[in-house]
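Heads up, the thing below is written out as structure tokens.
Read-outs throughout are calculated quantities, based only on the coordinates presented, and are distinct from any laboratory measurement. Remember, predicted model here, so these are calculated numbers, not experimental data. Neighbour counts run over all protein chains shown; Cβ positions are idealised from the backbone, glycine included.
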Amino acid sequence: MSLTKQIEQKWQKRWEDAKLFEADPDPSRQKKMVSFPFPYMNGPLHVGHAFTASRVDAYARFKRMQGFNVLWPWSWHWTGQPLLGASQRVARGDEAYIRVLCEVDGVPEVELKKFVDPLYMAQYYTNEGRFAVKSIGFSVDWRREFTTVMPVFQKFIEWQYKNLKEKGYVTRGTHPVVWCPKDKSPTGDHDRQSGEGVTPEEYTLIKYRLDDGKILPAATFRPETVYGITNIWLNPDVTYVEADVDNETWIVSQQAAEKLKEQQRQVTVKCAFLGRALIGKFFTNPLTNLKFPILPGWFVDPKTATGVVYSVPAHAPYDYLALRDLQKKPEVFVQFGLDSAMVLAIKPVSIIKVDGFGEYPAVELVEKMGIVDQNDSKANEATNELYKKEFHSGLLKANCGIYAGQSIRKVKDALSTDFKGLGVADGMYDLKEAVVCRCMTQCVVKILSDQWFLNYSDPQWKDLAHQVITQLNIYPDSAKPWFNTVIDWLREWACARTTGFGTPLPWGKGWIIETLSDSTIYMAFYTINAQIKRNNIQPDSLTFEVFDYIFLGKGDKILVAKTANLSIELLDEMRREFLYWYPFDLRNSAKELVPNHLSFCIFHHAALFPPQHWPKAIGVNGMLMVEGQGMHKSKGNFVTLKGAVEKYGADATRCGLLLGAEGMDDPDWRADNIVDLKFKFDSLLSFAGNIIVSAKQDDDTALEHWLVSQMQQRISDVTTALEELKTRTALQNALFETWNDIKWYLQRKGNSEAKALGEVVRDWLKLLAPFAPFLCEELWSQTGETGFISIAKWPIYDAGKVDVMALEQENLVTDVMADTNNILKAMKISPSRIVYYTAAYWKWRVYLKIVEKTLTGEVKINELMREFVADTAFKPHIKDIAPLVPRIIKALTKISSSRKTNMTKINVIDEKALLINAAKFLKDRFNADIAVYSESEAQPFDPKHRAVMAMPYQPAIYVE
RNA sequence: GCGGAGGUCGCCAAGCAUGGUCAAAGGCGUAAGACUGAGGCUCUUAUCCCGCAGGGGUUCGUGGGUUCAAAUCCCACCCUCCGCACCA
């Protein structure tokens, strides 16, 4: 077994033995409750879960080290349909699917056989998942774990829905879904052979009337064009039926009649005939009472909506083309017995004014694009372009009745509603593209009746939800407007269905609460579930009154306890647990859950809990990519959490993920990077381990001061970043930046014997512990500590430990090195000797005076000069000062004001001593002899007269 | 279509709110050197272009604008990713 693995197992066991992450209420300490949306158990946990949860764990560990009483619970989602579907595919012997289970999920064959039981399958993945979560080192309190099919949890959900219903947030209604007639169930995206993303869309049907009162319901997405009608198109070769539809006689395509039956209509087909039977007949436009003819149109598709189309040649390219085609073919008139004068007299009717077009946009566009006829593929393109234009910038003309002058965009919906109200229009759902079910059946739209909805349209509920968001921290902040728009946009949500696992709706027979609707406030259940399990509380005891008391403080506890057969003490204990832990302080998830789960969570808390129990913070992160692509089992790039930890180790997996991205950016999992990180951690183990052993001396030089000062900055940066869940920034600083500091120190110092270094490494381990807990525990124990670093005290920034002199001196060294390098690069030589000349004292006086001036305001050269002249101390150098001043001013523009402030505090640096001190280091670096002089020294070695160029913070350099 | 997020020096990615301290952090990759029996590890240095002196030139999706000064502010455009419902 590898060393990494040994370390991981050792500490995982020690944490468990010490019950380190089991959190109980402790009034003497502040609490933090963090959470992660429970994963759905139809497959193994993967690195995407690991990414999101690693952020939670880093935050939890950070807060724990800061002294908070941290609760991180975890559970498993079993509610819904896919688990059943998956199990059925195994039962059916679906080979492709079974292969995925074996090869990707790593399910052993003996287990696989038992997957015909969906509950067994869920339990298998749950057990695997728990193992993986423990192995990656998430600091979870497992006593609170549950699955969503457990009776005690279902009692909780029943309580939730009873309350929602009482508050009027649950409504009843109808809802259109994509429906498989064979399976007799809704066909979601995952269940489709083709047609992903296609949703039911409502056509407006204009009820044109034949003379005998029969109705031709012509389908359109543009009801406003009714004012521009010239005729109806029927496909002469297609079978239409005459049917009794809700006590009217409709003429629609055969297919349409079948569809209408699924849409809450009474349909009785009376007779069938070919479309040609009606060609040449006239009908009435119910809005204008004008009469128009029925003409043959072969482009009409009987599978789309009613198969009845009305023609608006001025604004619809297809209609114009069909009309033009027809008018060119006198033989067709004869065939259908049409009056040629009547057909030739049909002219487009213009009803929409649109920018960039004249009277007849469709005509113009067809001519411009050179479209040949209605079979030309460009006709579709023209249609899309024109519809878009007219929708966005079109205005209805004077011939459009009461809608004249209105913009299409605004009036479209109102117009359809008005027409329906007048009884001249109706609606019908259909799919814009074909959807085929996995069972190869063509899907239709079905209107489900008596559906139960969560009424997210309710304006008061929306208002409350907005209030929740107002008092909530969202990380990153940029996601906040998104939440607000989602709250505004959400409509009724069908919250129950008839199949799958889940909690039965307390009042509706045969309905089960849908998966996204049973996971909105379950975080509250965590607060009491340990008690429920420990005391073996039975579902029967978890009455509505019990939950009312625990979560809302309602009712008389003596009475409640008695009727529920619980002890008053226990009831009170659960109430106290809830009050202690709730609300949760952080919930973190991937951004895909913003428009559903996270927003539902906000809605439901708003509905059910008082403001003091509303969520405190929500974190949102990107979606994990694998080697630059979305992770899919079918793509063969699926990486399980268990597999990653086995291969790369827990710490490397966690850190590899967290270094990928923060905010809402999508992190990319690259195996090469993780491997590299694993090596880095191996090296860190010995690197830090060596320092821990050797750091015993009481050294207290500027270098130690520098290191300790740098460390203060790192502490501050990591802490600030973690507070805002900027896990990448935090880890970047905790790992690489700090490590680089220590490496620099070691190079400069030449040994690792200073106690101060040991102290810095201890702090370093603490900064790193939330991210790489196993490694840090191991190294922590090597320092002689007997406690866990997981609960060690988080380092606090200490301004008193910052030595600005030490910091500036080190800056000077690196600046001098950069300058020297630049010179060497330009000269393209390897030097044998490098000489530095440091600035004379009077130059420092000049320099610092100018620094002060630039800090307080604008610097005027002549004023400055006047001051220097007035000061007798500068008298001997006044001629040299004049050219110096502009040079200094220019150099200072490149220096930050905080550094300038430090310069004034520090005053004069003994640069010569500093550089002499660093001479050995510089000698090694440049592989050259180093000499240092002050320019004020008598006759220094200076063959090229460089010394005069010396400036404070910028010694002159001579290279040979 | 609607809504959200983004486009930075080979790749990933900071910076942009509060314009000058930005040729622009860090990681990866690459090159050279060190260590080593050897190295796929680790360590050091370098890594936009030009420059025999610490300087100069051209960069931050594209095109304009504001300003003494723009990766950062304003306008327009192009491109990428994500969500859009009964499904977890």
Straight distance only, please: which aspartates and glutamates reach the Cα of A:Lys462 with their own Cα at less than 17 Å, same-chain residues fewer than 8 apart left out? A:Asp488, A:Glu492
For chain A, the longest principal axis of the Cα atoms and the Cα long axis of helix A:459-470 enclose an angle in degrees, to the nearest 10, of 10
A:Tyr208's amide H: which non-local residues (gap 5+, or another chain) put their own amide H closer than 5 Å, with H modeled 1.01 Å from N in plane and none for Pro or chain starts? A:Leu216, A:Ala218
For the pairs A:Lys114/A:Lys134; A:Lys328/A:Lys378; A:Lys10/A:Lys793; A:Lys184/A:Lys378; A:Lys509/A:Lys591, flag any whose C-alpha to C-alpha distance is greater than 29 Å. A:Lys184/A:Lys378; A:Lys509/A:Lys591
A:Lys557: which aspartates and glutamates have alpha carbons under 15 Å from its alpha carbon, excluding same-chain residues fewer than 8 sequence positions away? A:Glu545, A:Asp548, A:Glu569, A:Asp572, A:Glu573
Taking only C-alpha pairs under 8 Å that are 6+ residues apart, what is the relative contact order of the range A:722-848 in percent? 14
Cα-based shape type of the range A:333-387, given that a ≥ b ≥ c are square roots of the gyration tensor eigenvalues and the cut on a/c is 1.5: oblate
In Å and whole numbers, how far do the C-alpha atoms of the range A:707-848 stretch along each principal axis, longest first? 53, 35, 30
Backbone HN-Hα couplings from phi across the range A:630-636 [Karplus 6.51/-1.76/1.60, Hz, Gly and Pro as x]: x, 7, 9, 4, 5, 7, x
With Cα coordinates, the longest principal axis of chain A makes an angle with the long axis of helix A:755-768, in degrees rounded to 10, of 0
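Would you work out the charge dipole size for chain A about its Cα centre, treating the Cβ of every Lys and Arg as +1 and the Cβ of every Asp and Glu as -1, and quote it to the nearest 20 debye? Please list the in-between numbers first.
Working: 116 positive and 117 negative charges, 159 e Å.
Once rounded to the nearest 20, the dipole reads 760 debye.
Counting only C-alpha contacts under 8 Å and six or more residues apart, can you give the relative contact order of chain A as a whole percent?
Numbers: 1625 pairs, mean separation 128.5, N = 960.
That works out to 13 percent.
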As a test of the formula, what do you get for chain A when each DSSP H run with n ≥ 4 contributes -39,500 (n - 2.57) and the sum is divided by the residue count, at 222 nm and rounded to the nearest 500 deg cm²/dmol? -14000 deg cm²/dmol
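The range A:802-906: which GluC sites (Glu not before Pro) are DSSP loop and have at most 16 other beta-carbon atoms within 10 angstrom? The partial results should precede the final answer.
Working: sites: A:Glu808, A:Glu810, A:Glu852, A:Glu858, A:Glu863, A:Glu867; in loops: A:Glu858.
Counting only loop positions with at most 16 other Cβ atoms within 10 Å, the GluC sites (Glu not before Pro) in the range A:802-906 are A:Glu858.
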Cα centroid separation, the range A:921-960 to the range A:814-855 (Å): 9
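So if I place +1 on the C-beta of Lys and Arg and -1 on the C-beta of Asp and Glu, and nothing else carries charge, what would the dipole magnitude of the range A:847-929 be about its Cα centre? I want it in debye, nearest 20.
Details: 16 positive and 10 negative charges, 39 e Å.
Using Cβ point charges on Lys, Arg, Asp and Glu, the range A:847-929 gives about 180 debye.
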Cα extents of the range A:143-193 along the three principal axes, largest first (Å): 42, 32, 15
With θ set to phi - 60° and the Karplus curve 6.51 cos²θ - 1.76 cosθ + 1.60, what are the ³J(HN,Hα) couplings of the range A:793-809 in order, to the nearest whole Hz, using x for Gly and Pro? 6, 4, x, 10, 4, 10, 4, x, 8, 8, 10, 5, 4, 4, 5, 5, 4
Semi-axes (Å, rounded, descending) of the ellipsoid equivalent to chain A per its C-alpha gyration tensor are 70, 43, 26
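Once a ≥ b ≥ c are taken as the square roots of the eigenvalues of the Cα gyration tensor of the range A:788-890, is the result rounded (a/c under 1.5), prolate (a/b larger than b/c) or oblate (a/b not larger than b/c)? Numbers along the way, then the final one.
On the way: a/c = 2.91, a/b = 1.39, b/c = 2.09.
Since a/c reaches 1.5 but b/c is at least a/b, the shape of the range A:788-890 is classed as oblate.
What shape does the range A:595-742 take by its C-alpha gyration tensor, where a ≥ b ≥ c are the square roots of the eigenvalues and a/c under 1.5 counts as rounded, a/b above b/c as prolate, and the rest as oblate?
Values: a/c = 2.94, a/b = 1.42, b/c = 2.07.
Because a/c hits 1.5 or more and a/b fails to exceed b/c, the range A:595-742 counts as oblate.
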Cut-off 12 Å between beta-carbons: net charge of the residues surrounding A:Met1, Lys and Arg +1, Asp and Glu -1: 0
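Which net charge results when you count Lys and Arg as +1 and Asp and Glu as -1 among the other residues whose beta-carbon is under 11 Å from that of A:Met631? Numbers along the way, then the final one.
Details: positive: A:Lys633, A:Lys635; negative: A:Glu627, A:Asp666, A:Asp668.
My count for the surroundings of A:Met631 gives -1.
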Tell me, what HN-Hα J-couplings in whole Hz come from the Karplus equation 6.51 cos²θ - 1.76 cosθ + 1.60 at θ = phi - 60° for each residue of the range A:167-184, using x for Gly and Pro? 7, x, 8, 9, 10, 10, x, 10, 7, x, 9, 6, 10, 9, x, 7, 6, 6
Leaving out same-chain residues fewer than 8 places away, which aspartates and glutamates sit with a Cα under 12 Å from that of A:Lys905? A:Asp803, A:Glu808, A:Glu852
Percent breakdown of C-alpha pair distances by 5 Å bin, ordered from the shortest bin, for the range A:501-581: 3, 14, 23, 23, 18, 13, 6, 1
Which listed residue (A:Gly628, A:Cys601, A:Ser683) has the Cα farthest towards the positive end of the charge dipole for the range A:539-683, taking +1 on Lys and Arg C-beta and -1 on Asp and Glu C-beta about the Cα centre? A:Gly628
Report, in debye and to the nearest 20, how large the dipole of the range A:551-596 comes out about its Cα centre when Lys and Arg carry +1 and Asp and Glu carry -1 on their Cβ. 140
Summing +1 per Lys or Arg and -1 per Asp or Glu among the other residues with Cβ less than 13 Å from A:Leu884's Cβ gives +4
Write down the Å³ per residue value for the convex hull defined by the alpha carbon atoms of the range A:808-960. 117
Quick one: give the max-minus-min coordinate of the C-alpha atoms of the range A:898-960 along each principal axis, largest first, in Å. 36, 27, 16
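Take the cross-link list A:Lys31/A:Lys155; A:Lys849/A:Lys900; A:Lys19/A:Lys647 and give me the ones stretching past 18 Å between alpha-carbons.
Details: A:Lys31/A:Lys155 27 Å; A:Lys849/A:Lys900 11 Å; A:Lys19/A:Lys647 27 Å.
Beyond 18 Å between Cα atoms: A:Lys31/A:Lys155; A:Lys19/A:Lys647.
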